[in-house]
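First the structure, in the form of structure tokens, and then the observations on it.
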Amino acid sequence: MFAVKNSIFIVTSILTLTVVLGVLIAVLINRSFPGRGIVRVLLISPFFVMPAVNAVLWINMLLDPVLGLQGIAIDNINGLISGLRDAPIVGWFFNMWPVFEPISFRATQTSSIAVIMMVTWQWTPFAVLIFMTSLQSEDQQQKEAAILDGASRWSQFRFLTLPHLGRPMAIVVMIQAIFHLSLYAEIEIVSRGNGNKNLPYLIGEFANNNIGAASATGIFAVILANIVAIFLLRMVGKTLME
């Protein structure tokens, strides 16, 4: 049961973050500025990194509490605060600050957060690409009319841009949900499944020890995937019919 809840938590978190970040980044770069082509290429490039390589880079180079950028950044912050504690005017303020400790993302409680961060980083460019392509076909006459009527940028985004991105959002959610329900490499590399199992990882464990349990879990996973697929297909079909 924990594997089912963890699968739903990971997939839902990734979908929410990628859609929100994808919309914001796509709207931000949907304008002319120097180096626009280079920025677009750099934004899309993480999507072409292999999942295993992505997980190794994140867990070792970025999130490692000793040798990663996280550990180095926290050490520098602690050093800066320690130096400011002896300052004549603001020293009393920094003396109240605690010593920050780096987070071990291989631990049971935080490994799923690490998986969410690294997969979000890799799949946000996919959402950006879809949304950016959709924004190219947005009706500019409606925007010009809204500007003449005195609509604020938030009103334009809420009532014009977001409804226009409804169908691309549904497609992004459907495609990503199919892929993220089968996450395995990231969980294996980050925590070896220690307190962070999802359905595919659980099936893999059962396959080595208990073929019957693996088969039963596999059937349940297929049923769950079909339920999700039916829901997503109806959602996409509804948006396409509107």
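The values are calculated or read from the model by the stated rules, or taken from the named source; none is laboratory data. All of these numbers come straight from a predicted model, not from anything done at the bench. For neighbour counting, all protein chains shown are included, and Cβ atoms are generated from backbone atoms with ideal geometry for every residue, glycine included.
Quick notes on this one:
- Matching residues in segment 10-23 - criterion: being loosely packed, with under 14 Cβ neighbours inside 10 Å and over 27 Å from residue 153 (Cβ atoms): 12
- Within segment 130-169, tally of residues that are closer than 30 Å to residue 52 by Cβ and either within 16 Å of the chain's Cα centre (by Cα) or among the hydroxyl-bearing types (Ser, Thr, Tyr) (or both): 4
- Residue match in segment 136-150 (condition: in a loop (DSSP other than H, G, I, E, B), in contact (Cβ under 8 Å) with a residue 24 or more places away in the chain and surrounded by 12 or more Cβ atoms within 10 Å (Cβ to Cβ)): yes
- Given (1) part of a loop (DSSP other than H, G, I, E, B); (2) small (Gly, Ala, Ser); (3) in contact (Cβ under 8 Å) with a residue 24 or more places away in the chain, index of the condition residue 7 fails: (1)
- When the residues of segment 62-90 are filtered to those that are in contact with a Leu (Cβ under 7 Å, 6 or more places away or on another chain) and assigned to a helix (DSSP H, G or I), the one that is nearest to residue 185 (Cα to Cα) is 62.
- Set side by side, the residues 26, 55, 3 differ, and just one is at pLDDT below 85 and surrounded by 12 or more Cβ atoms within 10 Å (Cβ to Cβ), which is 3.
- The one condition from (1) under 29 Å from residue 30 (Cβ atoms); (2) touching a residue at least 60 places away in the same chain (Cβ under 8 Å); (3) of a type in the set (A, V, I, L, M, F, W, C) that residue 41 does not meet is (2).
- Residue in segment 52-61 that is more than 18 Å from the chain's Cα centre (by Cα), part of a helix (DSSP H, G or I) and farther than 30 Å from residue 162 by Cβ present: yes
- Identity of the residue in segment 132-178, out of contact with any Gly (no Cβ under 8 Å at 6 or more places or on another chain) and of a type in the set (Val, Ile, Thr), that ends up modelled with the lowest pLDDT: 147
- Filter pass, residue 155 being touching a helix residue (DSSP H, G or I) at 6+ places or on another chain (Cβ under 8 Å), buried (at least 20 other Cβ atoms within 10 Å of the Cβ) and either polar (S, T, N, Q) or free of Cβ contacts under 8 Å to residues at least 60 places away in the same chain (or both): no
- Segment 65-82 - residue that is surrounded by 11 or more Cβ atoms within 10 Å (Cβ to Cβ) and not aliphatic (A, V, I, L, M) and, of those, nearest to residue 99 (Cα to Cα): 78
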